[in-house]
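Following: one structure in structure tokens, then a few remarks.
The values are calculated or read from the model by the stated rules, or taken from the named source; none is laboratory data. Given the structure is predicted, the values throughout are model-derived calculations rather than measurements. Note: ideal-geometry Cβ built from the backbone for every residue, glycine included; neighbour counts use all protein chains shown. Side chains are part of the model used for accessible areas, which takes the heavy atoms of the whole protein and leaves out ligands, DNA and RNA. Shrake-Rupley method; radii C 1.70, N 1.55, O 1.52, S 1.80 Å.
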Amino acid sequence: MCLKKKRIVPYELVLKKSKMKFIVCEKPQEFKLKEKEIPEPKEGEVLLKIKRIGICGTDIHAFGGTQPYFEYPRILGHELAAEYVKGNAAGFKPGDKVTFIPYFNCGTCVACRNGLTNCCVNIKVFGVHIDGGMAEYVSIPEQYLLHGQGLDYDELALVEPLAIAAHGVRRAAVKSTDTVLVMGAGPIGIGLIQFAKIAGAKVIVMDINDYRLNFCKTELNADETINPLNDDVAAKLAELTNGDMANVVIDATGNQKVMNSAFNYISHGGRFVLVGLQKGELSFSHPDFHKRESTLMSSRNATIEDFEYVMKCLKEGKIDPKKYITHRTSFSEMITDFGQLIDPKNNVIKALIEID
């Protein structure tokens, strides 16, 4: 077999290009491939060549028209790995593998002043509130740039969703004596399982997809699984916990019915953390919630501490994200393939878009 030597394009030629391709979600259920000028980084910005794009729940909800706080048209994509092309960021040079924190904060609001940049009052999430990374090139503020630390492009594309999960587990203050119920075994749920296991907790996973439940047992060492289509969840959970229920319940479904039902799964003194997001209202019995002295909290985005922790775990081999990169497509074929990549019947755990 003859192996082709990879062609390296000199940066002088890269920077002489004037046009780039990008994919925009014009409205629900409609992507379009277009072309525009390559952005010229302003003072304090850097130019990056995108190499990998993870397809996430936000992208799916935006495409489906169910994402809160969303306007069209929008270039999606915030799970990104890139190559550093141009800029004056200290410690970076052309060709470096990088990723970045896609939550652009104002730095002055009450949240930012208290170090909670992940829930900035004026936050602009890349690919949600502003155009994102489904493009050949992007220009971003250099302050959000992160060194690749020896990780490859596949791993770097998964740092952001893993940081979301790490933040959720940190919010829940999961410890080794906890029993954690993770509801939803998509990519974020998988990250929640892994970080809860790293914390030493017993982890029970709930999902309606048997393929994903089996994956969680065999690949992620989940302790138990529950399928609501086959089991009475509350009864099964009581059986698995000797009647205690779960000290920590974490939602990664973004499903209103699931969230409302989950108030019945919390132990006395337990915590319920909402990582998933939906447009409706929560409803629960105040007396039942009160008598347990339950804690309800949301978990939004992630902080630099979470990103650093994730990259440390990746470097130390505590997490092997390549286990759940199950599907790939090219940038040119993404629009055609998108429907298949988000179809649960195709057993997709995580899909990546590759750009040459």
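Step by step: first the residues of the range 148-183, then only those that are of a type in the set (V, I, T) and in contact with a strand residue (DSSP E or B) (Cβ under 7 Å, 6 or more places away or on another chain), then the one that is surrounded by the most Cβ atoms within 10 Å (Cβ to Cβ). Which residue is that? That would be V182.
Restricting attention to the range 322-335, does a residue exist that is among the β-branched types (V, I, T), open to solvent by less than 70 Å² (accessible area, probe 1.4 Å), assigned by the TED database to the domain that holds N247 and in contact with an Asp or Glu (Cβ under 8 Å, 6 or more places away or on another chain)? No, the range 322-335 has no match at all.
Test V169 against the criterion of being in a helix (DSSP H, G or I) and more than 22 Å from D356 (Cβ to Cβ), and give yes or no. Yes, satisfied. Scanning the range 119-156 for residues that are within 23 Å of K312 (Cα to Cα) and in contact with an Asp or Glu (Cβ under 8 Å, 6 or more places away or on another chain) yields E142, H147, G148. If you go through the range 157-166 one residue at a time, do you hit one that is modelled with pLDDT of 95 or more, closer than 30 Å to E40 by Cβ and part of a loop (DSSP other than H, G, I, E, B)? Within the range 157-166, one or more residues are modelled with pLDDT of 95 or more, closer than 30 Å to E40 by Cβ and part of a loop (DSSP other than H, G, I, E, B).
There is at least one residue in the range 276-295 that is surrounded by fewer than 18 Cβ atoms within 10 Å (Cβ to Cβ), under 22 Å from I193 (Cβ atoms) and at pLDDT 95 or above. Listed by first and then second residue, the pairs linking a residue in the range 22-35 that is at positive phi and of a type outside the set (F, W, Y) to a residue that is open to solvent by 20 Å² or more (accessible area, probe 1.4 Å) and not in a strand (DSSP E or B), with Cβ atoms under 8 Å apart and 6 or more places separating them unless they lie on different chains, are Q29/F63; Q29/G64; Q29/G65. When each of M206, M134 is tested for being closer than 28 Å to D343 by Cα, in the same structural domain as D343 (by the TED database) and surrounded by 24 or more Cβ atoms within 10 Å (Cβ to Cβ), the lone residue that passes is M134.
Does A185 satisfy being under 22 Å from H78 (Cβ atoms) and touching a helix residue (DSSP H, G or I) at 6+ places or on another chain (Cβ under 6 Å)? Yes, satisfied. Among the residues of the range 239-278, those identified as among the β-branched types (V, I, T), touching a helix residue (DSSP H, G or I) at 6+ places or on another chain (Cβ under 8 Å) and within 26 Å of Y69 (Cα to Cα) are V249, I250, T253, V273, V275.
Quick grid of which residues meet (1) modelled with pLDDT of 95 or more; (2) within 30 Å of Q256 (Cβ to Cβ):
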site	(1), (2)
L33	yes, no
L47	yes, no
K51	yes, no
C56	no, yes
I75	yes, yes
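Of the residues examined, G186 is one that is modelled with pLDDT under 95 and either surrounded by 20 or more Cβ atoms within 10 Å (Cβ to Cβ) or among the β-branched types (V, I, T) (or both).
Of the candidates R271, R328, R292, the single residue that is in contact (Cβ under 8 Å) with a residue 40 or more places away in the chain and among the basic types (K, R) is R271.
In the range 56-74, the residues that are farther than 21 Å from Y324 by Cα and of a type in the set (S, T, N, Q) reach residues that are at pLDDT below 90 and open to solvent by 40 Å² or more (accessible area, probe 1.4 Å) with C-beta atoms within less than 6 angstrom, at least six apart or across chains, in these pairs: Q67/H61.
State yes or no: is N242 surrounded by fewer than 14 Cβ atoms within 10 Å (Cβ to Cβ) and polar (S, T, N, Q)? Let's see the steps before the verdict.
Working: surrounded by fewer than 14 Cβ atoms within 10 Å (Cβ to Cβ): yes; polar (S, T, N, Q): yes.
The answer is yes for N242.
Each residue in the range 261-319 was checked for being outside any loop (DSSP other than H, G, I, E, B), under 30 Å from T99 (Cα atoms) and polar (S, T, N, Q), and 1 of them qualify.
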